[in-house]
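Before any comments, here is the structure.
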Amino acid sequence: MLWKPIEIIFRSISTYIILLVLGRIIGRKLISRITFFDFIVGITLGSIAVRIALGSQESPLLATLSIIIITIMVAITDYLDIKSIKFRKLVDGEPVILINNGKLLDYNLRKVRITINKLIMQLREKDIFNIDDVAIAAIESDGELTVLPKVNKQPITTGDLNIQTKDNGLVIDIIIDGKIIYNNLEDTNHDAQWVIEKLKNYNISDIQEVFYAGLNASGNFFVSKKTI
């Protein structure tokens, strides 16, 4: 009798991990552009997951136990997602650049399994009708497409006035939750001492006080302190 709840706990944890892996395999496209087929796939996966978790002889008590275990696993995942950058990248992934300076990156399109037709459709939804007008287009970890138009195509007057401006580009994460992202810092050709000196301008003496800090292509350093 005691073995059955232990079996359900093991099945629930195993099912949650399987669903997490399947979610990564299916990709972010399912989240952002759900079709009837995607809906059926999601329902089927959910049904199979319940059968795996509960086995062949379900009961209200065991079903409740399974739901509680999976809910706890979700809470643990959310906590690790906030506290661990490596875990966040493993589970959520990172933004993938699809267009860079008006050029399609076909290998990244294949990576996220988005056709050129769907990409163009999403660009039109953002009032972009020419790929060459795009400085950067990236698909985020939640499946949303973000687009940065070229400077002379942005909804400001610099293009009409022929004013030469510099693209700010994407903001590079330097500090997240009090931890320096050294790989990103190296890409900017700076070191930890440079970060410390920058923080002094914001009257910050301890990196642990920083919730987020980022650097864009123009060299602008943005800092947000932790709130108590």
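I'd like to know if region 50-70 contains one or more residues that are under 30 Å from Tyr212 (Cα atoms) and at pLDDT below 70.
The answer is no, given that none of the residues of region 50-70 is under 30 Å from Tyr212 (Cα atoms) and at pLDDT below 70.
What are the residues in region 176-192 that are farther than 23 Å from Ile136 by Cα, at pLDDT 90 or above and either open to solvent by less than 40 Å² (accessible area, probe 1.4 Å) or among the aliphatic types (A, V, I, L, M) (or both), if any?
Once the filter is applied, which keeps residues that are farther than 23 Å from Ile136 by Cα, at pLDDT 90 or above and either open to solvent by less than 40 Å² (accessible area, probe 1.4 Å) or among the aliphatic types (A, V, I, L, M) (or both), region 176-192 yields Ile180, Ala192.
Considering only region 193-206, state which residues are assigned to a helix (DSSP H, G or I), surrounded by 12 or more Cβ atoms within 10 Å (Cβ to Cβ) and not basic (Lys, Arg). If you could, list the steps in order and put the result at the bottom.
Taking region 193-206 first, the residues assigned to a helix (DSSP H, G or I) are 193-200.
Subsequent filtering for residues that are surrounded by 12 or more Cβ atoms within 10 Å (Cβ to Cβ) retains 194-196, 198-199.
Of everything in region 193-206, those that are assigned to a helix (DSSP H, G or I), surrounded by 12 or more Cβ atoms within 10 Å (Cβ to Cβ) and not basic (Lys, Arg) turn out to be Trp194, Val195, Ile196, Leu199.
Out of the residues in region 134-173 meeting the condition of being open to solvent by less than 80 Å² (accessible area, probe 1.4 Å), under 17 Å from Met121 (Cα atoms) and assigned to a loop (DSSP other than H, G, I, E, B), tell me which one is modelled with the lowest pLDDT.
Gly143
Among the residues of region 207-224, count how many are surrounded by 14 or more Cβ atoms within 10 Å (Cβ to Cβ) and out of contact with any strand residue (DSSP E or B) (no Cβ under 6 Å at 6 or more places or on another chain).
Residues that pass the stated criteria total 2.
The values are calculated or read from the model by the stated rules, or taken from the named source; none is laboratory data. All values derive from a computational prediction rather than experimental measurement. Glycine gets a Cβ as well: all are built from the backbone with ideal geometry, and neighbour counts include every protein chain shown. The area values use the complete protein model at the heavy-atom level, side chains included, leaving out ligands, DNA and RNA. Shrake-Rupley method; radii C 1.70, N 1.55, O 1.52, S 1.80 Å.
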